[in-house]
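Asks: One structure coming up, written as structure tokens, with questions to follow.
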Amino acid sequence: MQIAVFMRVKMMRIRRYLRGSGRVLAFVFIASIVWLLLDMAALRVSINDVNSLLLKEQVIRERQLFKQQNRVTQLVKGGFKHPVQRMELAHTLAGLGPLNASNKLAHVYRHGGKKQEQILEARRRNSLLHKGDKPKARASEVKEEVPVNRVTPKDIEPAMKKAVNLDLNGPNVEESRIHEGLNKVAGSNKTKLQPDAEEIKQAPLPTSKKEPMKNEEVVKVPHVKEDSKKTLQDESEGETPAKVIQHEEEEEEGADHSEVKFKPLHKDVEEEEMKLKAEDKEVETVAKSDPEAVKEAPEVQAKKDSKNEAKVVKEPGLHRVLSLDVTNAPRDENAVGQYGHAANVASSEDFEVKKRWDEGHFNVYLSDKIPVDRAIPDTRPRKCVMDLVHDDLPSTSVIFCFVDEVWSTLLRSVHSVLNRSPPHLLKEIILVDDFSTKEYLGENLDKYMSQFPKVRIIRLKERQGLIRARLAGAAVAKGEVLTFLDSHVECNVGWLEPLLERIYLDRKKVPCPVIEVVSDKDMSYMFVDNFQRGIFKWPLVFGWKPVPKEYIKKNNMTVADPIRCPVMAGGLFSIDKKYFYELGAYDPGLDVWGGENMEISFKIWMCGGEIEIIPCSRVGHIFRGKNPYKFPKDRQKTVERNLARVAEVWLDEYKDLFYSHGYQHLLNKNFIDIGNLTEQIELRKKLKCKSFKWYLDNVYPDMVAPLTKADGLVFNLGLRKCLSLQNNSLLFEICDLAKQSQHFNYSWTRQIRHQGQCIAPPLRPQGYTLQPCDNSRSELVWIHRYSRTSLWQHLMSKSFSQRLCLEAGLKGETLIINTCDPSNSYQQWEFTHYNTNGVD
Ligand code: UDP
Ligand code: MN
């Protein structure tokens, strides 16, 4: 019994004990569940956070791409339009409804300058007027992700103290001292890369020495109309060939140019889509099978979206192109010209527009109203966004040369580089002031730029011209790569890395961005057609020409692939600094402006390099109808002298083609002194550069460049025999193509040549003589098939005041020079081959 009682008591105790600990256990159990739930909730919240952020980014990106796509498609459908129609389209697309007649007229009138319109028209023929999307999303999106103001003390260059003498055939340069002092201050502390948006917008718009703003209205009223008339006139005046920007249509193509131009582009977009999708899949597969490989640079982390989170960069050392657009936003959405939109000026302001036009030969008045850090639409082919570039790209010095550049465009150029270049790749920005006369480009500019430690200003002590100004900039540059830009550009998102990547892959590549159009009239940023390359036509006239369709097909080219470019447009390119100097830089004998793009292009190609247009790098440029600055000497003469230097050094036997296309007068050495060429010729030898023929055959094979106007046998219609040169005398024989003695060339300079000997008229009008050929001797010139006159088939000497023609003796025993007689068949000649259309 006692045992039973004892047992009962024990059991009760145990039960009580268990009951007590059960409470604890239950408590612990419940607590852990609560803990777990809380934990999960927290985790969920954080996952959601990440997801929503990434999702947001993705949505934004996709929306943008969709818009861009849509825009391209819309515009592709729009096809070719007259400028006014295009404007209308833009107007309508902007939701502003159709334009009324007075608007149209005002537009045309405001945009004055037929020549410029023609140039742009040609340039835009293949281009699509771009309405612009809403990059606001991108601006804010990127703003959060990108390390802003990542300026290390290394970036703050010790300012130069003394004036620099560069020994570059002259230019005396001096780094601005004011700037130096201010820079030191800026560099001593935390650096401030960007002033805030307000500050930027309120950047002073200074006046020029010549035209003080205050009195302008009063003083200039009567002159304005004159000025604007003059502008129109000037612009329609003949341009020096080198200046004219030709936009070539593929000549071989059929008549339906809209087919040629627009359909393929549309197709490109579709094809590109397909390819991208396929690539996405590939990447995805790889990423899944190798999760370890998904390791990225922090910058890449910042940029990627959730969709691509798991499938982006895999290779170590590579990252996706950084699509930076850093600014101390918020950008004012409603600002004039924001997002690269066309900005229309009220007709009441036309007067102001006209008044200020000549300051830059574009709409300066409007430019001054547009924020200097405005956003512009990302016009890159879609694929570019996904492109990988190396982490260790070389750094670059960006060199802007300018003379009397408009304040707002110069600032916009600089801001576009600061805002859209990865800071670690931008070593510095060098502004080379080519002895500007505008007051605002002095102290005001120093002061403004002092807030950017990376910007240095070099002042040339006398006007050198853009070629020697670039050389001066290059001489003080510290970056591994030189990037030259005009001082009225806007670099687009992601513009720099694709250029540097090409140089990284091959230091002898010279990449150029696609040059897009910033309208000189409404300042809109216009997307240009892809597959365009720079070419030249005789007499060394720069132009644009589409890449032949067969070439695109054969090489399976996409819109984002680099394009081999026979001639660069000139102002915008990157080049490895050492390579630039190995090539002998620019010929410093070239003056002011013109021909330098030909020189550097031939030099690069013929001496082992390559020029490429990189569609993933895009920079807008204001094309002006006229140089807004003065030429120290006559403009025409300056340019033709430069071109003659280029022709003499690089064109070999093809230089005849240059001279014969309107530059015959340059053959007369009394007329022009093109300066000493010894160094340039030596350089070409030293670099063992290839021939111009090699260049034509390999780089620009679609260029038709026959070495003669005509060649083969020289048949006399009356005698029905052929000329033959034997033992230093001319005679007639039965025509025989196999006989070398019967082969003559009718040169571009209109001389009749046989192995260095030229047919010349005698001193007295009788017989003939043979003379060593020499392009500068006009007495060796024979006019043949010059124009459709009665002397079409004659060989008329240029040496006499009266018309004297080469004539075969009746029995073929003599060759004389006689008064031209249209009906005399013994004075009529025919070459076996004619290499030109005949009439010229
Ligand atoms: N430039 C210069 N000195 C000169 C002529 C031009 O520094 O004597 C600059 C000019 O300000 C511009 C660049 O060189 O930034 C290219 O000139 P421009 O824009 O007139 O050439 P285009 O674009 O018409 O070929
Ligand atoms: Mn320019």
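Asks: Name the residue, out of 550, 612, that is among the charged types (D, E, K, R) and modelled with pLDDT of 95 or more.
Replies: Among 550, 612, only 612 is among the charged types (D, E, K, R) and modelled with pLDDT of 95 or more.
Asks: Which of the residues that make up segment 776-790 are surrounded by 14 or more Cβ atoms within 10 Å (Cβ to Cβ), out of contact with any strand residue (DSSP E or B) (no Cβ under 7 Å at 6 or more places or on another chain) and over 17 Å from residue 757 (Cβ atoms)?
Replies: Hits for segment 776-790 are 778, 785, 786.
Asks: Can you pull out every residue in segment 501-548 that is more than 30 Å from residue 350 (Cα to Cα) and basic (Lys, Arg)?
Replies: 502, 507, 508, 509, 533, 537, 545
Asks: Would you point out the residue of segment 325-365, among those that are of a type in the set (Asp, Glu) and within 22 Å of residue 378 (Cα to Cα), that is surrounded by the most Cβ atoms within 10 Å (Cβ to Cβ)?
Replies: Checking each candidate, the answer is 325.
Asks: Please specify each residue of segment 460-498 satisfying the condition of being within 28 Å of residue 374 (Cα to Cα), away from ligand 1 (no atom under 11 Å from the Cβ) and touching an Asp or Glu at 6+ places or on another chain (Cβ under 9 Å).
Replies: 477, 479, 481, 482, 490, 492, 493, 494, 497, 498
Asks: Now a separate question. For segment 549-571, indicate whether the set of residues that are within 16 Å of ligand 1 (Cβ to nearest atom) and not in a loop (DSSP other than H, G, I, E, B) is non-empty.
Replies: no
Asks: Criterion first (free of Cβ contacts under 8 Å to residues at least 12 places away in the same chain and hydroxyl-bearing (Ser, Thr, Tyr)) does residue 790 satisfy it?
Replies: no
Asks: Next question, about the same structure. Which residues, counting only those in segment 469-489, are in a helix (DSSP H, G or I) and either away from ligand 2 (no atom under 16 Å from the Cβ) or more than 15 Å from residue 459 (Cα to Cα) (or both)?
Replies: Correct list: 471, 472, 474, 475, 476.
Asks: Can you tell which of 523, 568, 557 is at positive phi and either over 13 Å from the mean Cα position of the chain (by Cα) or within 15 Å of ligand 2 (Cβ to nearest atom) (or both)?
Replies: Exactly one of 523, 568, 557 is at positive phi and either over 13 Å from the mean Cα position of the chain (by Cα) or within 15 Å of ligand 2 (Cβ to nearest atom) (or both), namely 523.
Asks: Any idea which of 594, 625 is within 15 Å of ligand 1 (Cβ to nearest atom) and modelled with pLDDT of 95 or more?
Replies: Sole residue among the options that is within 15 Å of ligand 1 (Cβ to nearest atom) and modelled with pLDDT of 95 or more: 594.
Asks: Checking residue 388 against (1) in contact with a strand residue (DSSP E or B) (Cβ under 6 Å, 6 or more places away or on another chain); (2) buried (at least 21 other Cβ atoms within 10 Å of the Cβ), only one condition comes out false. Which one?
Replies: The one condition residue 388 does not meet is (2).
Asks: Among the numbered criteria (1) at pLDDT below 95; (2) more than 16 Å from ligand 1 (Cβ to nearest atom); (3) buried (at least 21 other Cβ atoms within 10 Å of the Cβ), which one does residue 660 miss?
Replies: Unmet condition: (3).
Asks: If I filter segment 595-623 down to residues being touching a strand residue (DSSP E or B) at 6+ places or on another chain (Cβ under 9 Å) and small (Gly, Ala, Ser), which single residue comes out as farthest from residue 513 (Cα to Cα)?
Replies: The extreme case among them is 609.
Asks: For segment 325-343, which positions are within 21 Å of residue 517 (Cα to Cα) and of a type outside the set (Phe, Trp, Tyr)?
Replies: 325, 335, 336, 337, 338, 340, 341, 342, 343
Asks: Take residue 741 and tell me if it is in a helix (DSSP H, G or I) and crowded, with 17+ Cβ neighbours inside 10 Å.
Replies: yes
Asks: Right, here's the next one. I'm checking my understanding of the structure. Among residues of segment 572-591 that are within 12 Å of ligand 1 (Cβ to nearest atom) and aliphatic (A, V, I, L, M), which one is surrounded by the most Cβ atoms within 10 Å (Cβ to Cβ)?
Replies: Across segment 572-591, the extreme among qualifying residues is 590.
Asks: It is to be established whether one or more residues within segment 307-322 are out of contact with any strand residue (DSSP E or B) (no Cβ under 7 Å at 6 or more places or on another chain) and at pLDDT 95 or above.
Replies: Looking for residues that are out of contact with any strand residue (DSSP E or B) (no Cβ under 7 Å at 6 or more places or on another chain) and at pLDDT 95 or above, one finds at least one in segment 307-322, hence yes.
Asks: Of all residues in segment 490-520 being among the acidic types (Asp, Glu) and part of a loop (DSSP other than H, G, I, E, B), which is farthest from ligand 2 (Cβ to nearest atom)?
Replies: Result: 506.
Asks: Still on this structure, please answer the following. Would segment 690-709 turn up any residue that is more than 45 Å from the chain's Cα centre (by Cα) and farther than 24 Å from residue 773 by Cα?
Replies: No, the conditions are met nowhere in segment 690-709.
Asks: When segment 628-650 is examined, which residues are found to be among the hydrophobic types (A, V, I, L, M, F, W, C) and more than 9 Å from ligand 1 (Cβ to nearest atom)?
Replies: Passing the criteria: 639, 643, 644, 646, 647, 649, 650.
Asks: Where residues in segment 692-718 are touching a residue at least 60 places away in the same chain (Cβ under 8 Å) and charged (D, E, K, R), which of them is surrounded by the fewest Cβ atoms within 10 Å (Cβ to Cβ)?
Replies: Looking at the filtered set, the residue picked out is 702.
Asks: Residues of segment 687-727 being modelled with pLDDT under 95 and on the phi > 0 side of the Ramachandran plot, which ones?
Replies: 727
Asks: Test each condition in (1) at positive phi; (2) more than 16 Å from ligand 1 (Cβ to nearest atom); (3) touching a Gly at 6+ places or on another chain (Cβ under 8 Å) for residue 537 and report the one that comes out false.
Replies: All conditions are met except number (1).
The values are calculated or read from the model by the stated rules, or taken from the named source; none is laboratory data. None of these values were measured; they are calculated from a predicted model. As a convention, Cβ positions derive from the backbone with ideal geometry for all residues, glycine included, and neighbour counts pool all protein chains shown.
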